[in-house]
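Colleague: I have a structure here, written as structure tokens, and I will follow up with some questions on it.
Nothing in this text is a laboratory measurement; each read-out follows from the coordinates by a stated rule. Owing to the predicted nature of the structure, the values given are computational and were not obtained by experimental measurement. Here Cβ is always computed from backbone atoms with ideal geometry, including for glycine, and neighbour counts include all displayed protein chains.
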Amino acid sequence: MVNNAPALIPVIYLTTCMLIALTRLRRRRYAHPMALTAAVLSSVVALGMLYHVIRFGSFHYHFGGWPPPIGIEYVVDPLSAFVALVINVVTSLVLVHSLNVNKVELGKKVVPYYSVVMLFLLGLNGIVLTGDFFNLFVFLEISSLASYALIAVGERGSALAAFRYLIMGTVGASFYLLGLAFLHMITGSLNMADIALIIPHLKIGENPALHIGLVLMVVGICIKMAIFPLHGWLPDSYTLAPSASSSLIAPIGTKVSSYVLIRMLFFVYGADLVSREIPVSTVLAWLSAAGIIYGSVLAIAQTELKRMLAYSSVAQVGYIGLGISMANPLGFIGAVLHILNHAVMKSCLFLVAGTLRQRMGHSDISRFDDSYRVKLPWTMAAFTAAAVSMVGLPPLAGFFSKWYLALAVIENSQWVLLAVILLSSLLNAAYFFRIIEKVYMRSPSAGGLAEQEEVRLGSGEPGPTMLLPVLILGTALLLLGLFNAVIVNVFIKPMIPLGM
Amino acid sequence: MEFFLGHYAYWFIITLLCIGLYTVLFKRNLLKQVIGLSIFQSSIILFWVACAVKWNATVPIYDHAYPVEQTSLYINPLPHTLMLTAIVVGVATLGVAFALLIIIYKNYKTLDEVELIEEMKKW
């Protein structure tokens, strides 16, 4: 029974995708509840899988009954079950919020929109669960194609942003496919566990194909993950996409690519190979550090909330890259914990940006003042919690992932990188406290325009569908921070691969 | 010389790959970028197929003259089937790219990247 669970999540999403398309015929308003049901069901399945994995160990699902090196398999181990749970729970909350936002921003396009959202989630869950490299490529492209569509329904200019993302993303996926060709040439297999067994028997110096394959695949995934010099597609896409899409793609899209990088480097090639024989991790460490500084500095320069959050995403992905590149258990814990924390923080921040756009009609930082606090006290409280967590103040969640990253950097004696982590926390404080200061301290300036808008949009807190997800995420940050020792010991410690 | 002639298929594929990547990176017209992307993807598909070449072997359909145990007599069909999937993925990408180009052209009446960035700045 439980062995069939891994296939259940893609089946749920694929079926719902088709059914939602049918609602176009009669009942448009069913689209949103159906999408939400699918996400909640998948969260339940993911939770069950995580429980089972922690309790009884990892399990496999063989497609068509073909055993692994020949057939495709889905693997549920502590890492994949954990990431699948994060994706589905965060998505469920974002989908609750999207109901009212989409009514305003998308109008009648909601039916195809939710259909494409299901495809996007199908792709992400498939990436996380699959144990086969080529299957991963196909799911990568499914989720990417869906995200181009989700971005392109936004405001004027979003089509161009989506097009540039498409060009970059497809080049990235093609690099991945090219690297996979080299890997397949030398190992003759596509199954991750099988390749992991073959690689130690190859003589590294005599097989340049192994090096080329590794480098090309890492470059391809880094484009999807938006590691610093390859991040060009990210800011425009996140800014111009509709609020619901950016709060859906920003927290989980790049995180799943980081998952692929972790899976590839540590579970297939092995930490020893990528940090000593081929210095992939050194390059990754310095690029991530550059990305952290670059993203934070540019975030300070932005005047629009969503664009600022997009640049902050570039910086945050840098933290995950940094944790991966340390190639030691502490860095691994830091990276995985940051995948969870950043998914919760970023979704909370983007949801607040969506709420502001709907209630205030804009998300322009220079026009923020303390009337926001009066009108939206709870939303702004959740925003502040997420912002403080991004800066990394205890006891909120963001502190602990940065703490593990700092410990990992100290263990490898990389003092420059430690300075980067500390400096970036200061930069984060600079751009988040700027907003908090405006919202809580600054008295309203010219009231006339604001009041006119208020009449049009209505005042006060938004309805429960928009307020609840934000509050849950804000509270979750506090809980994740307080119980981080439990999360690390119960869930993350069993993930650490052997020989790391 | 032997090195070049012996690997002529790979040299052809590398040339295609470079043409595709150059077009994607340096052409101003968005439609030409899509064409470059398509060339780039095709070269990778050709690379997979070229990898699967095996001399003195036959199609992977069971033949009594060739015993099953001697796998070296049969071609490995896996790369070809994988590339069928990759071609489908490529077609889907092209479809989405053209749909986006149509929207862009309707909004701005141009597909020139430099002009489009100028238009974007006005907003």
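Colleague: Given +1 on the Cβ of Lys and Arg, -1 on the Cβ of Asp and Glu, and no further charges, what dipole in debye does chain A carry about its Cα centre, rounded to the nearest 20? Write down the numbers at each step before the final one.
Modeller: Details: 30 positive and 21 negative charges, 243 e Å.
That gives chain A a dipole magnitude of about 1160 debye.
Colleague: By counting other Cβ atoms within 10 Å of each Cβ, how are A:S237, A:S425 ranked from fewest to most?
Modeller: Values: A:S237 32, A:S425 20.
Result, fewest neighbours first: A:S425, A:S237.
Colleague: When the Karplus curve 6.51 cos²θ - 1.76 cosθ + 1.60 is applied with θ = phi - 60°, which whole-Hz ³J(HN,Hα) does each residue of the stretch A:280-296 get, with x for Gly and Pro?
Modeller: So the J values, rounded to whole Hz, are 4, 5, 5, 4, 4, 4, 6, 5, 4, 4, 4, x, 4, 5, 4, x, 5.
Colleague: Explain nothing, just the number: relative contact order of chain A, from Cα pairs under 8 Å at least 6 residues apart, as a whole percent.
Modeller: Working: 829 pairs, mean separation 72.8, N = 500.
Dividing the mean separation by the residue count of chain A yields 15 percent.
Colleague: Do the sum for the protein assembly as shown: with -39,500 (n - 2.57) for every DSSP H run of n ≥ 4, divided by all residues, what is the mean residue ellipticity at 222 nm, to the nearest 500 deg cm²/dmol?
Modeller: Values: 24 runs with 449 residues, N = 623.
Rounded to the nearest 500, the figure is -24500 deg cm²/dmol.
Colleague: Using 7 Å Cα-to-Cβ label points, what is the B:C51/B:F12 separation (nm, one decimal)?
Modeller: About 1.9 nm separates the two model spin labels.
Colleague: Output wanted: per-residue J couplings in Hz (rounded whole) for the stretch A:250-263, from phi through Karplus 6.51 cos²θ - 1.76 cosθ + 1.60, θ = phi - 60°, x for Gly and Pro.
Modeller: Each residue of the stretch A:250-263 in turn: 4, x, 10, x, 6, 5, 5, 5, 5, 4, 4, 4, 4, 4 Hz.
Colleague: Just need the relative contact order of the stretch B:2-122 here, percent rounded to a whole number, with Cα pairs under 8 Å and 6+ apart. Kindly include the intermediate steps, with their values, before the conclusion.
Modeller: On the way: 98 pairs, mean separation 29.1, N = 121.
Across the stretch B:2-122, relative contact order equals 24 percent.
Colleague: Quick query: amide H of B:Y66 versus all other amide H atoms, modeled in the peptide plane; which residues come in under 5 Å with a sequence gap of 5 or more or a different chain?
Modeller: Counting only residues 5 or more places away or on other chains, the set is empty.
Colleague: For B:N29, list long-range residues whose amide hydrogen, built 1.01 Å from N in the peptide plane, is under 5 Å from its own amide hydrogen.
Modeller: Excluding prolines and chain starts, which carry no amide H, the hits are B:E113.
Colleague: For the stretch A:380-399 and the stretch A:35-91, what is the centre-to-centre distance using only Cα atoms, to the nearest Å?
Modeller: 30 Å
Colleague: With unit charges on the beta carbons (Lys and Arg positive, Asp and Glu negative) and the dipole taken about the Cα centre of the stretch A:243-384, which residue among A:I252, A:A289, A:I262 sits farthest to the positive side?
Modeller: So the residue we want is A:I252.
Colleague: Can you tell me how the stretch B:2-122 classifies by the Cα gyration tensor, rounded, prolate or oblate, using a/c under 1.5 as the rounded cut?
Modeller: Working: a/c = 6.44, a/b = 2.36, b/c = 2.73.
Oblate, since a/c reaches 1.5 and b/c is not below a/b.
Colleague: Amide H to amide H, which residues 5 or more places from B:Y74 or on other chains are under 5 Å from it, using H placed in the peptide plane?
Modeller: B:T58
Colleague: Still on this structure, I have one more. Which lysines, on any chain, are close to A:K438 with Cα under 18 Å apart, when same-chain ones fewer than 8 places away are left out?
Modeller: Within the straight-line limit of under 18 Å, A:K438 reaches these lysines: A:K306, A:K375.
Colleague: OK, next. Please order A:H32, B:H64 by the number of other Cβ within 10 Å, starting at the fewest.
Modeller: B:H64, A:H32
Colleague: Assuming R0 = 41 Å, can you tell me the calculated FRET efficiency for the pair B:E115 and A:M441, based on Cβ-Cβ distance, to the nearest 0.05?
Modeller: Values: r = 44 Å, r/R0 = 1.06.
Computed FRET efficiency for B:E115 and A:M441: 0.40.
Colleague: Also: A:T465 to A:I300: FRET efficiency via 1/(1 + (r/R0)^6), r the Cβ-Cβ distance, R0 35 Å, to the nearest 0.05? Please list the in-between numbers first.
Modeller: Numbers: r = 33 Å, r/R0 = 0.94.
It comes to 0.60.
Colleague: I'd like the FRET efficiency for B:M1 and A:W66, computed as 1/(1 + (r/R0)^6) with the beta carbon distance as r and R0 of 51 Å, rounded to 0.05. Intermediate values should be presented prior to the final figure.
Modeller: Values: r = 46 Å, r/R0 = 0.90.
Between B:M1 and A:W66 the formula returns 0.65.
Colleague: Same structure, new question: Aspartates and glutamates within cross-link reach of A:K109: Cα-Cα under 18 Å, excluding same-chain residues under 8 positions apart?
Modeller: Straight-distance partners of A:K109: A:E155.
Colleague: So for the stretch A:280-390, averaging the separation of alpha carbon pairs under 8 Å that are six or more residues apart and normalising by length, what relative contact order in percent results? If you can, show how the numbers build up before the last one.
Modeller: On the way: 114 pairs, mean separation 28.0, N = 111.
Relative CO of the stretch A:280-390 lands at 25 percent.
Colleague: Taking the Cβ of each residue in A:C348, B:C51 as the centre, tally the other Cβ atoms inside 10 Å and list the residues starting with the fewest.
Modeller: B:C51, A:C348
Colleague: Where both partners of a DSSP beta bridge lie in the protein assembly as shown, what percent of those bridges are antiparallel, to the nearest 5?
Modeller: Working: 9 of 10 bridges.
Restricted to the protein assembly as shown, the bridges split so that about 90 percent are antiparallel.
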